[in-house]
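Undergrad: Structure provided below as structure tokens; questions to follow.
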């Protein structure tokens, strides 16, 4: 029987490398990761904040709200009780949206199993503090975790659920402490690359969502592939500029968590952030857009945090500045594009 003691120590990992995995967050990405972990032979519990959603998933045998058409294996547990979800876990994956992360984990931390590996799978920056998601988790869970890492890279939930080959980066401060996570998550359709530049992995994965908002605007205004290519290229420059100012390595932004994720999110039809940009180009306001969307587009929050970090570091981030103005100041999207094109000429 699994222990239910608050803050209990996790077991050794089970025979044959099987882990007890707790996926905290039942959106599309959390559900896809839970499905992948179960297929990889682990014992998985999927946790949601809402009792109603937990009951709905259990009755339907799938997460119809966020990942319809993909039945969950009979052995996977679904619960809204954090004590049940976290008890005895070897690996805890946090997939809570950035705007709710601190609030949720303030309630969850007393149940965290001492010695478990903690993986952040949320792409964002905390707006009020400018902290990366792994920093927020470390702040709340602290030394109770065996390791804290960040999973990022070009990965649509639907495609992983469909078992299409997917490669991601696992950012960590110490490669040795995260090798167990890398090995156990690399299975079947998912290949995980270790990267000890956790700053670059997280900031690349966060800031690319801002560029995807701009890409949606470009596509919504039918400005063409020349414009989109220029935007992606200059967007990569902004990602690297901010990330390196915060201590990231330049090479990380050329990899999966940087360029790879940027291309996917700016061009893929499944991108939520690109979809928001398309709706902005239609003249819709932020409140109307968020009312229409079930799932959170992280770039909407990230643009506020990134703009603040850029100001603190004395950096120019013109795309980020214009996206912020469209989202929060009611600026006309076409005027934003015109201003970007009219900026003072510089050397590349």
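FYI, it's all coordinate maths here, none of it is from the lab. Bear in mind the structure is a predicted one, so any value in this text is a computation, not a measurement. Glycine gets a Cβ as well: all are built from the backbone with ideal geometry, and neighbour counts include every protein chain shown.
Undergrad: Take 279, 239, 163, 133 and order them by how many other Cβ atoms sit within 10 Å, fewest up front. Before the final figure, lay out each step's value.
TA: Numbers: 279 21, 239 31, 163 13, 133 27.
Fewest to most other Cβ atoms nearby, the residues stand as 163, 279, 133, 239.
Undergrad: Which distance in Å, rounded to a whole number, links the C-alpha centroids of the range 184-260 and the range 65-97?
TA: Here the two parts' Cα centres lie 28 Å apart.
Undergrad: Relative to the present Cα-Cα distance, how much length would full extension add between residue 335 and residue 175 at 0.36 nm per residue of separation?
TA: Numbers: separation 160, 0.36 × 160 = 57.60 nm, distance 4.57 nm.
Full extension of this stretch gives 53.0 nm more.
Undergrad: Could I ask something else about it? Angle between the Cα long axis of helix 28-39 and the longest principal axis of the chain, 0 to 90 degrees, nearest 10?
TA: Orientation of helix 28-39: about 40 degrees from the principal axis.
Undergrad: Full extension from residue 60 to residue 263: what is 0.36 nm times the residue separation minus their Cα-Cα distance, to one decimal in nm?
TA: Values: separation 203, 0.36 × 203 = 73.08 nm, distance 3.47 nm.
Extra length from residue 60 to residue 263 when fully extended: 69.6 nm.
Undergrad: To test your reading of the geometry: what angle, between 0 and 90 degrees and rounded to tens, separates the Cα axis of helix 198-220 from the longest principal axis of the chain?
TA: 50
Undergrad: What full-extension length gain, to one decimal in nm, is calculated for residue 144 and residue 344 as 0.36 nm per residue of separation minus the Cα-Cα distance? Walk me through the numbers on the way to the answer.
TA: Numbers: separation 200, 0.36 × 200 = 72.00 nm, distance 5.06 nm.
Between residue 144 and residue 344, full extension yields 66.9 nm more.
Undergrad: Assuming a ≥ b ≥ c are the square roots of the Cα gyration tensor eigenvalues, decide whether the range 17-117 counts as rounded (a/c under 1.5), prolate (otherwise, with a/b larger than b/c) or oblate. The partial results should precede the final answer.
TA: Numbers: a/c = 1.71, a/b = 1.17, b/c = 1.47.
Since a/c reaches 1.5 but b/c is at least a/b, the shape of the range 17-117 is classed as oblate.
Undergrad: Calculate the spin-label point distance for residue 158 paired with residue 51, positioning each point 7 Å from the Cα along the beta-carbon direction, and give it in nanometres.
TA: Placing both labels 7 Å along Cα→Cβ, they lie 3.3 nm apart.
Undergrad: By its C-alpha gyration tensor, with a ≥ b ≥ c as the square roots of the eigenvalues, how is the range 197-275 shaped: rounded for a/c under 1.5, else prolate for a/b larger than b/c, else oblate?
TA: On the way: a/c = 2.45, a/b = 1.94, b/c = 1.26.
Here the range 197-275 falls in the prolate category.
Undergrad: Same structure, new question: Of the residues 301, 173, 287, which exhibits the maximal mean-square fluctuation in a Gaussian network model of the chain defined by a 10 Å Cα contact cut-off?
TA: Of the options given, 287 has the highest mean-square fluctuation.
Undergrad: Taking the Cα-to-Cβ direction at residue 106 and at residue 284 and moving 7 Å from each Cα, how far apart do the two end points lie in nm?
TA: Each label point is offset 7 Å from its Cα along the Cβ direction, giving 3.2 nm.
Undergrad: What angle do you read, to the nearest 10 degrees and between 0 and 90, between the alpha-carbon axis of helix 299-313 and the longest principal axis of the chain?
TA: Helix 299-313 and the main axis of the chain meet at about 70 degrees.
Undergrad: Counting only C-alpha contacts under 8 Å and six or more residues apart, can you give the relative contact order of the range 15-196 as a whole percent? If you can, show how the numbers build up before the last one.
TA: Working: 368 pairs, mean separation 34.2, N = 182.
It rounds to 19 percent for the range 15-196.
Undergrad: Once you sort the root eigenvalues of the Cα gyration tensor of the range 143-235 as a ≥ b ≥ c, which label holds: rounded (a/c under 1.5), prolate (a/b larger than b/c) or oblate (the other case)? List each step's numbers first, then the result.
TA: Values: a/c = 3.20, a/b = 1.85, b/c = 1.73.
It is prolate, given that a/c is not under 1.5 and a/b is the larger ratio.
Undergrad: Taking R0 as 35 Å, what's the FRET efficiency between residue 228 and residue 114 from their Cβ-Cβ distance, rounded to 0.05?
TA: Details: r = 48 Å, r/R0 = 1.37.
Here the calculated transfer efficiency is 0.15.
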